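Peer 1: After the structure tokens below, expect a handful of questions from me.
The values are calculated or read from the model by the stated rules, or taken from the named source; none is laboratory data. The shown structure was predicted, so the numbers you read here are calculated from the model rather than taken from an experiment. Heads up, the Cβs are rebuilt from the backbone with ideal geometry, glycines too, and the neighbour counts pull from every protein chain shown. Areas reflect the complete protein model, heavy atoms only, side chains present, ligands, DNA and RNA absent. Shrake-Rupley method; radii C 1.70, N 1.55, O 1.52, S 1.80 Å.
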Amino acid sequence: MAAFSATHCRSYSYSHSSSINGGQNQPFSFSSFSRLSVPAKAIRNSLQTVVLMQDGVVATKVTPVEKETPKEKLKDELLSVTSTKEWDEKAGFDSNENESTVSITVVGASGDLAKKKIFPALFALYYEDCLPKHFTIYGYARSKMTDAELRNMVSKTLTCRIDKRENCSEKMDQFLKRCFYHSGQYDSEENFAQLDKKLKRHEGGRVSNRLFYLSIPPNIFVEAVKCASSSASSGNGWTRVIVEKPFGRDSESSAVLTKSLKQYLTEDQIFRIDHYLGKELVENLSVLRFANLIFEPLWTRQYIRNVQIIFSEDFGTEGRGGYFDNYGIIRDIMQNHLLQILALFAMETPVSLDAEDIRNEKVKVLRSMRPMRLEDVVIGQYKSHSKGGVTYPSYTDDKTVPKDSLTPTFAAAALFIDNARWDGVPFLMKAGKALHNKGAEIRVQFRHVPGNLYNRNFGTDLDRATNELVIRVQPDEAIFLKINNKVPGLGMRLDRSNLNLHYAARYSKEIPDAYERLLLDAIEGERRLFIRSDELDAAWALFTPVLKELEEKKIIPESYPYGSRGPVGAHYLAARYNVRWGDLDIEQ
């Protein structure tokens, strides 16, 4: 059975299996003939003996000779060799049945995520020749829209690579011709059955592989999956579903969602997407650590004093207050994005780069983590602030947010991994909206040099003498190592300098968007950067108790001005573990 691989647009390949309605790709067998249009009797009469050879050619039996010996018969069969394609044509087989096609359905196609991220990512993959020869893209939503209207909507968000703009307009036109639209309800099996008919017309008798991207609110995930599974799944290829976060609000709701999805899909068919795992610097974490001898020996409590994972946005909810108020910054950012980064950072060396081996190690990290305590969490909510003659609103000024809302827009937490490698090392997380800058980074602060000969040159501030590895995930991707260095001159003056890998300066190629990588992985069946159900269970088990305590005790968030560095309580939390937040360094 044909399977798609896009290794021509990547310089590596993965060993993985693709699910076919939840199973594995099946080897060629003669039972496959049952799908073909030629009567079985005709096949038996004209092609009684068929041998499929390793190099893909087929040996067919020649006209039989009277009283032919078994030895002569075998000789005749092996001498009469034609290609698979020729054999199909002689036998009357439809050659399309040996080809595969991928049908991508964006469920919720009229929403912002689809317009701003999914369709542009699919076009970028097409532009880079990463999509298969035969593919179709369908938008599905409740809005009434024609194919032309969908194409017009999508065209407004498409861009070409900065470093590769040849034939951009031509490529866009070709891509848009592959985009179609079907209007329907998310809980209507009849509407999905109509979609199925349209998909089959485009698939043209080929092996049909189908990918559904659920860009819809979580409360209608299950109904959409039920309808797609029963009425629009592939009959002879694989069917996969990409599910966007949030995956529940706590352990209980997450378990219910997983159980409901698994009524209609197998685990191998569910691709839980966390777009932060598709970011270039996050994917580079394992390369940096396991492909460089200098880092792996240092990746331990003997040398690392603390690890900081920091996320900040310089804007507020901006009209998303209604959605955000139901989840808050801990559920929206920390429980998924930042915790996934922590697991990748802290995991042990996997047996291989196989998806299951990597995810097994991540789960071990999550299960080794110490239960979170309320005293190790600080929450905040931004308030109105005037700066430069401009007044910025508070969180509760958003008309979609209740005036008495206690939902945190900022959170800081200290977490610990109770295993041999990381025992006693604080992992500090910080995430917030309406802060002084926008960015995401990992900061690894190493221990002080014991018996440092140059202590007197640093004075009493030993933190300024500490080596620090900074991995800037976004924006302006970079990796830099802070070292102590002598300033040129006759005196002995020390300076803190950076060994800097700045991606924009080092690499001319534009960095792909995270959604491009994850969509391509889903098409190829590569699950390494997607979240497995036991990972999700372990992540929620860590955060659910403290989330419930915050809500039951109605803890009031500490206020901080819009555009500031966050609540003061975050600094006290870090100081409790003898840590200073690295992003507050005036050098940065």
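Peer 1: If N is the number of residues in region 465-536, what value comes out of its Cα radius of gyration divided by 2.2 N^0.38 Å? Present the calculation step by step, with values, prior to reporting the outcome.
Peer 2: Working: Rg = 19.4 Å, N = 72, 2.2 N^0.38 = 11.2 Å.
It is 1.73.
Peer 1: Treating the beta-carbon of each Lys and Arg as +1 and of each Asp and Glu as -1, no other charges, what is the dipole magnitude of region 100-244 about its Cα centre, to the nearest 20 debye? The partial results should precede the final answer.
Peer 2: Values: 22 positive and 16 negative charges, 49 e Å.
That gives a dipole near 240 debye.
Peer 1: I would also like to ask the following. Using a basic spin-label model with each label point 7 Å from the Cα along Cα→Cβ, how many nm lie between Lys156 and Ser188?
Peer 2: 2.5 nm
Peer 1: Of the accessible area of region 200-246, with the probe set at 1.4 angstrom, what percent is carbon plus sulfur? If you can, show how the numbers build up before the last one.
Peer 2: On the way: 660 of 1410 Å².
Roughly 47 percent, rounded to a whole number.
Peer 1: Cα-based Rg of region 219-275 per 2.2 N^0.38 Å, rounded to two decimals? Walk me through the numbers on the way to the answer.
Peer 2: Working: Rg = 11.5 Å, N = 57, 2.2 N^0.38 = 10.2 Å.
So the Cα radius of gyration is 1.12 times the expected 2.2 N^0.38 Å.
Peer 1: More than 13 Å apart: what percent of Cα pairs in region 251-322 qualify?
Peer 2: On the way: 2077 of 2556 pairs.
I get 81 percent for the Cα pairs in region 251-322 exceeding 13 Å.
Peer 1: For region 175-251, state the average projected area of the convex hull of the C-alpha atoms over all orientations, rounded to one decimal in nm². Please list the in-between numbers first.
Peer 2: Numbers: hull surface 23.9 nm².
The Cα convex hull of region 175-251, projected and averaged over all directions, gives 6.0 nm².
Peer 1: Now, a different point. How much of Ile294 can a 1.4 Å solvent probe reach, expressed as accessible area in Å² and rounded to 10?
Peer 2: Per-residue accessible area (Ile294): approximately 120 Å².
Peer 1: Starting from the Cα gyration tensor of region 233-377, take the square roots of the eigenvalues, sort them a ≥ b ≥ c, and report rounded, prolate or oblate (rounded when a/c is under 1.5, otherwise prolate if a/b is larger than b/c, else oblate). Could you put the intermediate results ahead of the total?
Peer 2: Details: a/c = 1.81, a/b = 1.19, b/c = 1.52.
Verdict is oblate for region 233-377.
Peer 1: Further question: One quarter of the convex hull surface, Cα atoms only: what value does that give for region 428-574 in nm²? Write down the numbers at each step before the final one.
Peer 2: On the way: hull surface 58.8 nm².
Answer in nm², one decimal: 14.7.
Peer 1: To continue, here is another question. Among the listed pairs Lys387/Lys438; Lys259/Lys548; Lys115/Lys198; Lys198/Lys226; Lys144/Lys171; Lys362/Lys554, give every one whose C-alpha distance is greater than 25 Å. Spell out each step's value before the answer.
Peer 2: Values: Lys387/Lys438 18 Å; Lys259/Lys548 22 Å; Lys115/Lys198 22 Å; Lys198/Lys226 19 Å; Lys144/Lys171 27 Å; Lys362/Lys554 33 Å.
Going by Cα-Cα distance, Lys144/Lys171; Lys362/Lys554 fall outside the 25 Å limit.
Peer 1: Just to check, using Stokes-Einstein with a Kirkwood Rh over alpha carbon pairs, what's the diffusion coefficient of region 100-244 at 25 °C and 0.890 mPa s in µm²/s?
Peer 2: Answer from the Stokes-Einstein relation: 160 µm²/s.
Peer 1: Rounded to the nearest 0.05, what FRET efficiency do Arg320 and Tyr577 give with R0 = 25 Å and r taken as the Cβ-Cβ distance? Could you check? Write out the running numbers ahead of the final one.
Peer 2: Details: r = 33 Å, r/R0 = 1.32.
Plugging the Cβ-Cβ distance into 1/(1 + (r/R0)^6) gives 0.15.
Peer 1: Antiparallel DSSP bridges in region 100-244: what percent, to the nearest 5? If you can, show how the numbers build up before the last one.
Peer 2: On the way: 0 of 24 bridges.
Once the DSSP bridges in region 100-244 are tallied, antiparallel ones form about 0 percent.
Peer 1: Taking 0.36 nm per residue of sequence separation and subtracting the Cα-Cα distance, how much length would be gained by fully extending the chain between Thr300 and Ser386, in nm to one decimal? Present the calculation step by step, with values, prior to reporting the outcome.
Peer 2: Working: separation 86, 0.36 × 86 = 30.96 nm, distance 4.46 nm.
In short, 26.5 nm is gained.
Peer 1: What is the gain in length, in nm to one decimal, between Asp404 and Gln174 on full extension, counting 0.36 nm per residue of separation less the C-alpha to C-alpha distance?
Peer 2: Working: separation 230, 0.36 × 230 = 82.80 nm, distance 5.14 nm.
This chain segment gains 77.7 nm when fully extended.
Peer 1: To the nearest 0.05, how large is the calculated FRET efficiency for Leu499 and Glu280 if R₀ is 25 Å and r is the Cβ-Cβ distance? Let's see the in-between values first.
Peer 2: Numbers: r = 19 Å, r/R0 = 0.77.
Efficiency computed from Cβ-Cβ geometry: 0.85.
Peer 1: Place +1 on the Cβ of every Lys and Arg and -1 on the Cβ of every Asp and Glu in region 100-244, take the dipole about the Cα centre, and give the residue among Tyr186, Phe175, Pro218 whose Cα lies farthest towards its positive end.
Peer 2: Checking the options against the dipole of region 100-244, the answer is Phe175.
Peer 1: How would Arg210, Arg367 rank on accessible area, largest to smallest, probe 1.4 Å? Walk me through the numbers on the way to the answer.
Peer 2: Numbers: Arg210 5, Arg367 165 Å².
Largest to smallest exposure gives the sequence Arg367, Arg210.
Peer 1: If Lys and Arg each add +1 and Asp and Glu each add -1, what is the summed charge of the other residues whose beta carbon sits under 9 Å from the beta carbon of Val473? Mind showing how you got there, number by number?
Peer 2: Working: positive: Lys279, Arg472; negative: Glu280, Glu441, Glu477.
Neighbour charge sum, excluding Val473 itself: -1.
Peer 1: I would also like to ask the following. Take every Cα pair under 8 Å in region 284-379 that's 6+ residues apart, average their separations, divide by the length, and report that relative contact order as a whole percent.
Peer 2: Details: 36 pairs, mean separation 21.0, N = 96.
For region 284-379, the relative contact order is 22 percent.
Peer 1: Based on the Cβ-Cβ distance from Arg201 to Arg447, what FRET efficiency comes out when R0 is 60 Å, to the nearest 0.05?
Peer 2: Numbers: r = 65 Å, r/R0 = 1.08.
Plugging the Cβ-Cβ distance into 1/(1 + (r/R0)^6) gives 0.40.
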